[in-house]
């Protein structure tokens, strides 16, 4: 099937995730000597007024390492509302944990947020299918958008795989024994300006081939319903609409390449675009 005409649209999805220029108007944010994020100058100055443990000088905002355990306290005092789930603060996705920060404050501080996404696949006689979720209409972020079978942020203390297993049970009633069979498929990173602030995300993607008789069940209200789509329908949706959540597009484009829906020079072009921003 000729798909070259769709490559520009697929590339546009990738480019849409790389809209942040850093540092731009922001100040690099440090914990001691470790660069962990970016903050706007007004937030930096507010934090410096709140506590002597944060200093703005020489074009950066620096949190004293000894006060790293109070970062959530400082964020709340600055008026940033929490979501009640801490994430690890690191200089790089695999680096040492330097502090904890509530998920709701990650965009304001420009701290890396790690996520896990699952391609829930079913192999049938008529070809590959993918489980697609529709996000609940009352979701704060991206309501009603199409999503993966399982996807979620990696909270403090967990690995992407541990998060995947946890989220699989919570979001889709996917048993742990089945979710644990998922296999790593790729890693994607982006710096993106969003309404909520700066998203510096790293996504770990997994593939899981599911039994034909498996039926996911929305269990925690994150997803309104699931549908099983032929992979060609998924491709056409990504290649012609904005209906999938922005970061899901990255994982799906990688899946299209690996499964041969895009090949040759087009696949090489997309692969370079996907991998060009990895930390």
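What follows is calculated from the coordinates using simple rules that are stated; it is not laboratory data. Everything numeric in this text was worked out from a predicted model, so none of it was measured. Neighbour counts are summed over all protein chains in view; Cβ atoms, including those assigned to glycine, are modelled from backbone coordinates with ideal geometry.
The table that follows gives values for the structure above.
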{"read-out": "Antiparallel bridge percentage (DSSP; both residues within the stretch 27-109; nearest 5)", "value": "80"}
{"read-out": "The chain, helix-only ellipticity at 222 nm - DSSP H runs n ≥ 4, -39,500 (n - 2.57), divided by all residues, nearest 500", "value": "-8500 deg cm²/dmol"}
{"read-out": "Dimensionless Rg/Rh of the stretch 27-109 - Kirkwood Rh, Rg from C-alpha atoms", "value": "0.92"}
{"read-out": "Equivalent ellipsoid semi-axes - Cα gyration tensor, the chain, angstrom", "value": "36, 21, 15"}
{"read-out": "Residue order, fewest to most beta carbons within 10 Å, for 36, 114", "value": "114, 36"}
{"read-out": "Acute angle (nearest 10 degrees) that the helix 41-50 long axis makes with the longest principal axis of the chain, alpha-carbon atoms", "value": "50"}
{"read-out": "Angle in degrees between helix 7-16 and the longest Cα principal axis of the chain, rounded to the nearest 10", "value": "20"}
{"read-out": "Semi-axes of the equivalent ellipsoid for the stretch 148-219, Cα gyration tensor, largest first, Å", "value": "24, 13, 12"}
{"read-out": "Percent antiparallel among DSSP beta bridges (both partners in the chain, rounded to 5)", "value": "75"}
{"read-out": "Over the stretch 112-255: Rg over Rh, Cα atoms, Kirkwood Rh", "value": "0.93"}
{"read-out": "Acute angle (nearest 10 degrees) that the helix 231-240 long axis makes with the longest principal axis of the chain, alpha-carbon atoms", "value": "50"}
{"read-out": "Between the stretch 8-57 and the stretch 93-157, the alpha-carbon center distance in angstrom", "value": "22"}
